[in-house]
Every structure is written in structure tokens, then in C-alpha cells.
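Heads up: the structure comes next, in C-alpha cells.
The values are calculated or read from the model by the stated rules, or taken from the named source; none is laboratory data. What you are looking at is a predicted structure, and each value in this text was computed from that prediction instead of being measured. Reconstructed Cβ throughout: ideal geometry from the backbone, glycine too, with neighbour counts over all protein chains shown.
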Amino acid sequence: MDSSPAKSASSHQSLAAESLRADPRVAEARRLIAAAVSEHSSSIGGTRGANPSLVSEYKALLERLGAARGGPPFWPYLASGLGNGPYVELADGSVKLDFISGIGVHGCGHSHPAMIDAAIDAALEDTVMQGNLQQHPPSLRMCERLIAMASESGAKIDHCLLSTSGAMANENALKIALHHKSPADRVIAFDNAFAGRTLAMAAVTDRPNYRMGLPLALSVDYLPFRDPADPERSTRAALDELRRLLKRHPGRYGAFWAEPIAGEGGYYPGSHEFFAALCKPLRDEGVPIIFDEVQSFSRSSRPFAFQHYGLDEFADIITVGKITQVCATLYGEAFKPKAPILSQTFTGSSSSIATGLAMLDQLNSGGCFGAAGENMKRHQYFADGLEELGKKYPLRGPYGEGMMIGFTPADGTFERAKRLMTIMYEVGLLGFVCGSDPTRIRFLPPPATTTRKHIDDALSLLEQSLEKFVQQI
Ligand SMILES: Cc1ncc(COP(=O)(O)O)c(C=O)c1O
């Protein structure tokens, strides 16, 4: 699939930009950079401890980072800028197995040749950023690719607006929905939802401490999410609550906002039955349905988790981010705003758009999708390994779907989960916490490049971590 910034069709040959891209010196520079990156990253083939000579300098850098950002980072991570697949080199010379990928961003792992090649294309562009008054063909291609993928099995998606964060993509989604349903002013979401960090998203996100001291920008009501231990009862409970809300606030709901797989909330998968049961009455009431796929995009058997659950007919508005490098809000013609409520100086960097296109190519060519595709096969392999560890160590699960996989350590308290996450970090395995009551440890391995060997390495590092963990609890 073409991911170069401009098509080299003969009609473009008179363009100065085309002759720059076709210049043999550019081709030679690309070849030399690729060879240099490959040579230097090949020394990063497995986990290792810090280089003692860099430890004090690293500590000083972290202190400066803490001072600059107004508090220490959640963990002492400062990358060197080079990696190799899921292995990442930190600025202290240590190498970690990165199975959290910046919370789902590095879909090809680190220093992937296709990403670097795409970034070189972007570096030749005349602008660092793309925006509403400065669109280049790659922006158009990204929009068209996402629209085609989102509508490939029937969802009515015609338009795409790029943006620079998942929160902004959600902000645009809510604006589109509320504008469509004006003057409706309430939103329905799920318990433990996470939508991002803007003022409106702080209202949608179900974490009181994330909105502490902030005025409430939106009125949001919450439904309980699907409980995999009792899907029928939990579906009935959510449906009963939805009916109660629709009756209590007739005509007031301007959006139903949902993650098809609860991410920050603790890796709870949805299902066709659960969502279809809720979406039908919402449809009857004309409430626009937003699926937030910022974390779930590209991690199940289909590009979108709403497709994985067969919910195409209900997807009115969709948001993506993280692994796509540039974020986006996708929506159907019926939801096209009738006033200029959407616009941004910056819709994404040239580099994020070029690498996003290359990422979509890699996800497709990596065989990620399909009922028996790599995402589902690797999930099973990883899940089997976690289950084995659960026979020996205090670990419940596995949970999640596809390349979103997690487990509950010990009693599921935040303190214990953070303790294990910190031990894993020291041992060399990057995973992260999610959910509350219970708090889980989650992994977001790079879908395009993870192998069984990488999963074996993760399981072995996890076992070493659990061995230390049990001595401390
Ligand atoms: C489901 C979901 N939506 C939205 C966001 C917000 O994305 P961003 O951090 O890019 O603003 C996240 C981030 O974790 C997310 O998981």
C-alpha cells in the first residue's frame, strides 16, 4: 500500500516536490540511514541492566525531569532514542522489554525501519505540522484510509477529522454528537470510563480525582459495564439502568460514549449481545453512538473493536488515536455539523501522518486481523502462559481481548499492583496498571511485530518478578 507523501503518478512529475523525492541523493540518504539504524539497534536484542557509568547522570536527568514537569514521573523512564522491536534502550544504558508501548503507541515496536523511512519522507515536507489551512496529500490519504477501514463492513462513515490527541478526537466527537442532537445536553457513558484529559473529557471520565477542583463541563450518567463472569445479569442491569435514564431525562441525551473494550477501566471486553442490547433503545431515541477506539483500534480480530463485535450498524461516530500516530474522529454524513464548530490550526505533524500510514500498512501486512489472525493467536499464547503462572503465583486472569491483555495480581489493590509493576520494571518488563477494585496489570504488545519468542521472554521476566513479589507480600 502506498504510504509515500505524494503519489509519483506521471501527472506529478513536473512538480518540484516530486523531483526532490525522486532525487537519487535522497534515495541514497534513506539507504544510509536505514543501514546505520539497523547496525546500531542490532545491539539491543534483549533486556539488560543499567550501565554503571551512566547511573548518576541518569538520576540527575530524572530529577531535572521531575522539576520541569512539576513532579516525578510515574516511573523512571527516559529512553535513549533507539530500540529494536519490543526492546527499548533507556538513557542509563539498560534495555527493557516494552510490552506497554507508551500505552499502545508503538505498534511496530521501536526503531522499526518502515517508521523511520516514513519519517524521512515527512522530514522533506515544507511544514512540520499539518492543519486546516495547510493540508498535504498524506493527510488526505490518512483520512481516506481510516474512512475505508471503518466502513469496510457496513458502518456509515463518510468523513474524518484528524487531531493531535485522543482527548481532542473525543472532544470533536462529542461536539458533533451534541450539535446533531441539540439542545440535548447530557451524555451516557460507562462506570470506569476513560476519555482523556480535557475539561469535557474529565466530566466523561469516571475518576473523581481526575476532575478534582474542576467545574463540571457536562452532565454524564453512567451504566455498569459488562461483567464477563455473568454476562446475562450484567447486560440486564445495564439495560435496566439505561431505560431508567432515558425515562428520567427524555430527549436530553446528546451522546452515548463507549469504549468497546474498557481500557483504563481494567481490560473488560464488550460483546455483540451486550452492546446490541443497549444500542437498540439508544437508536430508537435517536441518541448518537460514539465508539472510542483510541486504545482498542488494531488490537482485536478486526481493525476496529466495534467490527470485532459486529456493531457496524450502530457506529455513528468513532475515535482513534495512539497506534495510528495521528488521532481522528470519523463520522457519517448524517452527523455533518451545520455550523463551523470544528477546526484546528494543527491536525497532526507531517511525521505522525506519514508514520501512521506506514503503521496501517504494517498492521495489514503483519497478518494481525482475522478470526485466526495473529492478534487472536498471540492473545491465546500469552493467555495460556499467564494461566500457567497463575497456578504457581498469586495472579488471576488473564483478561482482555486480542493484543490488550492483563491480569490481577494478588488481592487486586492498587498498592500491590503498583508494587508488582515496579518489580517488573526493575527486572526489565514494561507493563502498566489499569482498573480499580481490582487494579490489574496490563500489556499492550506491538501488534505488528510481537513474536512468540517475545511473549516467552515477557513470561519469563514476569515469573522472575512474581518470585520477588511473593517474598514481599
Ligand atoms: C480509550 C481512550 N480514550 C481516550 C484517551 C485519551 O487519549 P490521549 O491521551 O491521546 O488524549 C485514552 C488514553 O489513554 C484512551 O485510552
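Looking across the stretch 272-294, the residues that are of a type in the set (Asp, Glu) and surrounded by fewer than 23 Cβ atoms within 10 Å (Cβ to Cβ) come down to Glu273, Asp284, Glu285. No other residue among Gly270, Gly310 is within 16 Å of the ligand (Cβ to nearest atom) and closer than 22 Å to Ala371 by Cα apart from Gly270.
Based on this model, can you work out whether His308 counts as closer than 22 Å to Glu232 by Cα, buried (at least 24 other Cβ atoms within 10 Å of the Cβ) and not small (Gly, Ala, Ser)? Yes, satisfied. Picking from Ala315, Ala339, Ala328, which residue would you name as being among the small types (Gly, Ala, Ser), away from the ligand (no atom under 16 Å from the Cβ) and out of contact with any Asp or Glu (no Cβ under 6 Å at 6 or more places or on another chain)? Only one candidate qualifies: Ala339. Is it true that Ala122 is aliphatic (A, V, I, L, M), under 30 Å from Ala34 (Cα atoms) and either out of contact with any Phe, Trp or Tyr (no Cβ under 9 Å at 6 or more places or on another chain) or away from the ligand (no atom under 16 Å from the Cβ) (or both)? Taking the combined requirement at face value, the residue satisfies it.
When the stretch 62-111 is limited to residues that are more than 21 Å from the chain's Cα centre (by Cα) and of a type in the set (Asp, Glu), the one that is farthest from Met421 (Cα to Cα) turns out to be Glu63. Summed over the stretch 178-189, residues that are more than 16 Å from the ligand (Cβ to nearest atom) and of a type in the set (Gly, Ala, Ser) total 2.
Asp117 fails exactly one of the following numbered conditions: (1) in contact with a Gly (Cβ under 9 Å, 6 or more places away or on another chain); (2) more than 19 Å from Glu333 (Cα to Cα); (3) assigned to a helix (DSSP H, G or I); (4) not hydrophobic (A, V, I, L, M, F, W, C). What is the number of that condition? That leaves (1) as the condition not met. Which one is farthest from Arg48 (Cα to Cα), of the residues in the stretch 88-105 that are within 14 Å of the ligand (Cβ to nearest atom) and buried (at least 20 other Cβ atoms within 10 Å of the Cβ)? Only one residue tops the list, namely Gly104. Residue count for the stretch 218-247 under the criterion of being more than 25 Å from the chain's Cα centre (by Cα) and closer than 27 Å to Thr198 by Cβ: the result is 6. The criterion of being over 22 Å from Pro445 (Cα atoms) and assigned by TED's automatic domain parsing to the domain that holds Ala229 holds for Leu330. For the stretch 193-212, filtering for residues that are within 11 Å of the ligand (Cβ to nearest atom) and not hydrophobic (A, V, I, L, M, F, W, C) leaves 4.
Against the conditions (1) within 16 Å of the ligand (Cβ to nearest atom); (2) crowded, with 22+ Cβ neighbours inside 10 Å, Gly265 satisfies every one except (2).
Report whether or not Phe297 is within 15 Å of the ligand (Cβ to nearest atom), of a type in the set (Phe, Trp, Tyr), within 20 Å of Val187 (Cβ to Cβ) and buried (at least 24 other Cβ atoms within 10 Å of the Cβ). Judged against the criteria, Phe297 is not a match. Tell me whether the stretch 218-229 contains one or more residues that are under 23 Å from Phe335 (Cβ atoms), part of a helix (DSSP H, G or I) and acidic (Asp, Glu). Within the stretch 218-229, not a single residue is under 23 Å from Phe335 (Cβ atoms), part of a helix (DSSP H, G or I) and acidic (Asp, Glu).
The set of residues in the stretch 130-177 that are among the charged types (D, E, K, R) and either within 16 Å of the ligand (Cβ to nearest atom) or crowded, with 17+ Cβ neighbours inside 10 Å (or both) comprises Arg141, Arg145, Glu171, Lys175.
A quick yes/no check of all residues on (1) modelled with pLDDT of 95 or more; (2) touching a Phe, Trp or Tyr at 6+ places or on another chain (Cβ under 9 Å); (3) buried (at least 23 other Cβ atoms within 10 Å of the Cβ); (4) not assigned by TED's automatic domain parsing to the domain that holds Ser271:
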| residue | (1), (2), (3), (4) |
| --- | --- |
| Leu389 | yes, yes, no, yes |
| Glu401 | yes, yes, yes, yes |
| Pro409 | yes, yes, yes, yes |
| Phe414 | yes, no, no, yes |
| Ile423 | yes, yes, no, yes |
| Gly435 | yes, yes, yes, yes |
| Thr449 | yes, no, no, yes |
| Arg452 | yes, yes, no, yes |
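Entry remark, the stretch 65-79: residues being surrounded by 10 or more Cβ atoms within 10 Å (Cβ to Cβ) and farther than 20 Å from Leu97 by Cα number 4 in total. What is the number of the single condition among (1) more than 16 Å from the ligand (Cβ to nearest atom); (2) surrounded by 22 or more Cβ atoms within 10 Å (Cβ to Cβ); (3) of a type in the set (S, T, N, Q) that Thr127 does not meet? With (1) more than 16 Å from the ligand (Cβ to nearest atom); (2) surrounded by 22 or more Cβ atoms within 10 Å (Cβ to Cβ); (3) of a type in the set (S, T, N, Q) applied to Thr127, the lone miss is (2). On inspection, Leu82 does not qualify as touching a strand residue (DSSP E or B) at 6+ places or on another chain (Cβ under 9 Å) and crowded, with 20+ Cβ neighbours inside 10 Å.
Considering only the stretch 389-410, I want to know if a residue exists there that is out of contact with any strand residue (DSSP E or B) (no Cβ under 9 Å at 6 or more places or on another chain), closer than 26 Å to Ser111 by Cβ and without any contact (Cβ under 8 Å) to a residue 60 or more places away in the chain. Looking for residues that are out of contact with any strand residue (DSSP E or B) (no Cβ under 9 Å at 6 or more places or on another chain), closer than 26 Å to Ser111 by Cβ and without any contact (Cβ under 8 Å) to a residue 60 or more places away in the chain, one finds none in the stretch 389-410, hence no.
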